[in-house]
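Okay, structure first, notes after.
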Amino acid sequence: MAVNNRHLLLIHTSPFHGCENEFNHWYDRVHLAEVLAVPGFVGAQRFILPQTPGERRRYVAIYELESDDIAATMERFEKARPTMSTTPALDPASVTVELLTAVTPMVTPGQPQ
């Protein structure tokens, strides 16, 4: 697959105060699988940003996509979203979404350039 057919979808979220366990349970046990059921989504991993004074802790879900037609893949994702579950623990005001397309192959130590 060509390098520009590899994409990352970054979704930043936060739970409401006091709802972190419910939020993480839903995200890890339910939501990741729902998103990965969309054709073109091939991997997912969640991260937490380190605590910063004065800011809420925030999570990032990074989805790997492989698609020759990213617009069609994202359209399938948008059509599937209403059928996906949600949780009252998710603060909807915290959600931000970024779609990235690779411009280079993955570079690893010692790999010829």
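The values are calculated or read from the model by the stated rules, or taken from the named source; none is laboratory data. These numbers were taken from a predicted model, which means no experiment stands behind them. All Cβ positions, even for glycine, are placed from backbone atoms using ideal geometry, and neighbour counts span all protein chains on display.
See the values below:
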quantity: Any hit, region 19-29, residues being among the hydrophobic types (A, V, I, L, M, F, W, C) and under 19 Å from R81 (Cβ atoms); calculated: yes
quantity: Filtered residue count, region 57-67, keeping only those that are assigned to a loop (DSSP other than H, G, I, E, B) and either surrounded by 15 or more Cβ atoms within 10 Å (Cβ to Cβ) or at pLDDT 95 or above (or both); calculated: 2
quantity: Qualifying positions in region 70-83 - out of contact with any His (no Cβ under 7 Å at 6 or more places or on another chain) and surrounded by 11 or more Cβ atoms within 10 Å (Cβ to Cβ); calculated: A72, T73, M74, E75, R76, F77, A80, R81
quantity: Residue in region 52-59 that is without any contact (Cβ under 8 Å) to a residue 60 or more places away in the chain and under 14 Å from the mean Cα position of the chain (by Cα) present; calculated: yes
quantity: Selection count where residues are loosely packed, with under 15 Cβ neighbours inside 10 Å, touching a Ser or Thr at 6+ places or on another chain (Cβ under 9 Å) and in contact (Cβ under 8 Å) with a residue 12 or more places away in the chain, scope region 21-33; calculated: 1
